[in-house]
Amino acid sequence: MADRVTVIGWDGSPLADAARSALGAATLVAGAAHHLELPEVPENAERVRLGSVALAARRIAGHRGTAVVLADGDPGFFGVVRTLRAPEFGLEVEVVPAVSAVAAAFARAGMPWDDAQVVVAHSRTLRRAVNVCRAHTKVAVLTSPGAGPAELGLLLEGVHRSFVICEELGTAREQVTILTSDKAADHTWRDPNVVIVIGGFVAAAEGGGWIAGREPGAGPRGWALPARAYGGALGEGETDLLRAAQLARLGPRVGDLVWDIGCGSGAFATEAARTGAAVIAVDRSPGSCARTEHSARRYGVQMQIVHGNAPHVLEDLPEPDVVRVGGGGAAVVSAVADRRPQRIVADAATRDAAELIGRDLTEHGYDVECALIQSVELDTRAWTEKERSVAFLLSGRLPDRAP
């Protein structure tokens with residue numbers, strides 16, 4: 001095992017004394033090509049091109065001497081330190097950090113970033129990274145080959161965002177480009193790069209925040225808010241208790257894309273967006289689309305609103321993770337199930353309608369549950385009944401999809 005392992009962050013600025021001292025004593029140096037060309041790397045040191053960090057870690061674990069690993073930016077922030085410290089390698093490391101690529105990108109843009117989301121985009125996480133960009137007004141994306149600015153722009157179709165693209169930060173070839181998301185696919189971008197994604201309605205804020213990223217307490221306290229929170233009477237499938245049950249069964253979360261079909265007042269779509277998920281709200285009524293937009297602005301959440309008739313309007317929408325079908329019945333549920341979201345919820349006014357939807361979900365391979373939800377609102381001044389609602393709540397879960 002290496003006698004000593006030092007991880008050095010590099011951001012293009014002169015190396016600190018601690019980094020120079022560690023490099024001068026190194027008998028093995030691992031890093032990218034531009035790191036291994038630094039004049040401070042000893043000529044007689046073994047050089048390891050850093051492709052797979054895990055493979056490099058095995059080489060270091062079997063090396064007798066002093067090892068140095070060079071990495072861009074802060075190696076402890078979405079960097080190599082996590083892999084090097086994995087139990088299977090048994091390495092104890094010292095870290096000399098540099099300015100992270102995210103901090104450098106926001107500095108080039110002249111923007112604060114304590115309120116930004118930070119995501120990593122590669123082939124497995126690109127879609128989830130895009131969903132975060134849909135749901136939030138300020139996101140930094142650490143890209144990778146095949147999951148860069150062009151791919152982000154293509155997958156954000158229908159959502160207007162501005163991109164600040166920072167290529168090869170800290171090098172002589174550094175370049176910063178500002179353009180709209182729909183133009184990103186028209187260019188070829190150099191790796192590595194960081195994309196700052198900005199846009200959408202921003203709610204008024206007073207001063208700075210107290211926690212990095214999205215403030216968890218944003219918006220009113222509680223879920224399934226009453227009808228008055230959305231400007232008055234809601235539709236039959238929008239009662240607060242039904243919405244609460246739908247949210248509980250779908251469990252939307254950051255990185256998900258939620259479809260709300262037949263969004264009505266926008267109550268469900270707004271509350272799904274408050275979880276941090278991306279939301280596409282669909283309705284055939286222009287008035288419902290307008291109410292939904294008003295609700296989203298009122299509560300400071302982002303969503304895409306699509307006016308059109310389901311199921312035809314769904315054909316061009318990006319793949320959903322979870323779906324609420326608030327209108328359209330079995331035909332729309334069937335079209336949604338064809339897209340294989342992880343979970344689907346729908347409601348029905350009668351048992352016959354519920355059975356029809358349930359059979360269709362079962363035929364599509366979903367595990368189906370159905371509950372009869374009845375709620376009675378009481379006037380607490382006289383403890384008399386004010387309003388009663390009854391609905392069949394159906395939920396389908398794909399057993400072959402991750403929870």
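The values are calculated or read from the model by the stated rules, or taken from the named source; none is laboratory data. Given the structure is predicted, the values throughout are model-derived calculations rather than measurements. Here the Cβ positions follow ideal geometry from the backbone for every residue, glycine too, while neighbour counts run over all protein chains shown. Calculation scope for accessible area: heavy atoms of the full protein, side chains included, ligands and nucleic acids excluded. Shrake-Rupley method; radii C 1.70, N 1.55, O 1.52, S 1.80 Å.
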Residue that is surrounded by the most Cβ atoms within 10 Å (Cβ to Cβ), among those in the stretch 104-119 that are out of contact with any strand residue (DSSP E or B) (no Cβ under 9 Å at 6 or more places or on another chain) and small (Gly, Ala, Ser):
107
Are there any pairs, at least 6 apart or on different chains, whose C-beta atoms fall under 8 Å, with the first in the stretch 296-308 and aliphatic (A, V, I, L, M) and the second open to solvent by 30 Å² or more (accessible area, probe 1.4 Å) and not in a loop (DSSP other than H, G, I, E, B), and if so, which?
296/305; 305/293; 306/313
Could you tell me whether residue 297 is of a type in the set (Lys, Arg), at pLDDT 95 or above and over 17 Å from the mean Cα position of the chain (by Cα)?
no
With the structure loaded, tell me whether residue 255 is at pLDDT 95 or above, out of contact with any Ser or Thr (no Cβ under 7 Å at 6 or more places or on another chain) and outside any helix (DSSP H, G or I) or whether it fails that test.
yes
Of all residues in the stretch 1-33, which are surrounded by fewer than 15 Cβ atoms within 10 Å (Cβ to Cβ) and under 20 Å from residue 100 (Cα atoms)?
13, 14, 16, 17, 18, 20, 33
Is the stretch 5-18 home to any residue that is within 24 Å of residue 54 (Cβ to Cβ), of a type outside the set (Asp, Glu) and out of contact with any Leu (no Cβ under 9 Å at 6 or more places or on another chain)?
no
Filter result for residue 177 (over 23 Å from residue 321 (Cβ atoms), of a type outside the set (Lys, Arg) and modelled with pLDDT under 95)
no
Looking only at the stretch 347-361, which residues are surrounded by 13 or more Cβ atoms within 10 Å (Cβ to Cβ), without any contact (Cβ under 8 Å) to a residue 60 or more places away in the chain and not aliphatic (A, V, I, L, M)?
355, 358, 360
Could you grab me the full set of residues in the stretch 34-44 that are open to solvent by 40 Å² or more (accessible area, probe 1.4 Å) and either of a type in the set (Phe, Trp, Tyr) or over 35 Å from the mean Cα position of the chain (by Cα) (or both)?
37, 39, 40, 43, 44
Cβ-Cβ under 7 Å, sequence separation 6+ or interchain: first residue in the stretch 230-254 and closer than 21 Å to residue 131 by Cβ, partner open to solvent by 10 Å² or more (accessible area, probe 1.4 Å) and of a type in the set (Lys, Arg). Which pairs?
249/343; 250/343
Applying the selection to the stretch 374-391, what residues are open to solvent by 40 Å² or more (accessible area, probe 1.4 Å) and not acidic (Asp, Glu)?
374, 376, 378, 380, 381, 382, 383, 384, 386, 388, 390
Does any residue of the stretch 69-82 turn out to be in contact with a strand residue (DSSP E or B) (Cβ under 7 Å, 6 or more places away or on another chain), assigned to a helix (DSSP H, G or I), modelled with pLDDT of 95 or more and open to solvent by less than 70 Å² (accessible area, probe 1.4 Å)?
yes
What are the residue pairs meeting all of these: first residue in the stretch 111-133, first residue in a helix (DSSP H, G or I), second residue β-branched (Val, Ile, Thr), Cβ atoms under 6 Å, and 6 or more apart or on different chains?
129/119; 129/141; 132/119; 132/139; 133/139; 133/197
Report every pair of residues separated by at least 6 positions or lying on different chains whose Cβ atoms are under 7 Å apart, first residue within the stretch 72-86 and under 12 Å from residue 96 (Cα atoms), second assigned to a helix (DSSP H, G or I) and among the β-branched types (Val, Ile, Thr).
75/81
Hey, among 139, 194, 176, which residue is more than 30 Å from residue 15 (Cβ to Cβ) and hydrophobic (A, V, I, L, M, F, W, C)?
139
